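Below is one structure; the comments refer to it alone.
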């Protein structure tokens, strides 16, 4: 908790289908996770569109004349655009990582849930305690 205001700090799991459950860990909602994946993909695609626009702006940033102040201004503009491109690539990497992690988390959860269900309801020939119901 944040001192003074009694509010819990925002973390990376907020809005990601994970919520704190009474100090015992997190509750995982696979449906909510599945809904987030297209939103993150849309963000990633928007970042790709921005990247293309920034690359075009960088290409077009030319001084209007050959004098030194115009050339310096064009160079400063190019440096600024390049920093925006670098930032864009970092944001895209962040979005890509979130997409991968959300897919992994959702797939792992579903797989483990299926394994648990089989263990509880499929007796088979096992004597390891499976098939309890």
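In this structure, residue 82 and residue 45 have a Cβ-Cβ separation that, at R0 = 25 Å, corresponds to a calculated FRET efficiency of about 0.65.
Label sites at residue 90 and residue 74, each approximated as a point 7 angstrom past Cα along Cα to Cβ, lie 2.9 nm apart.
Fraction of C-alpha pairs exceeding 22 angstrom in the stretch 34-110: 44 percent, rounded to a whole number.
Each value in this text was obtained by applying a stated rule to the coordinates, not by laboratory testing. Computed from a prediction, not measured in an experiment: that's the story for all the values here. A quick note on method: Cβ atoms are made from the backbone with ideal geometry, for glycine too, and the neighbour counts reach across all protein chains shown.
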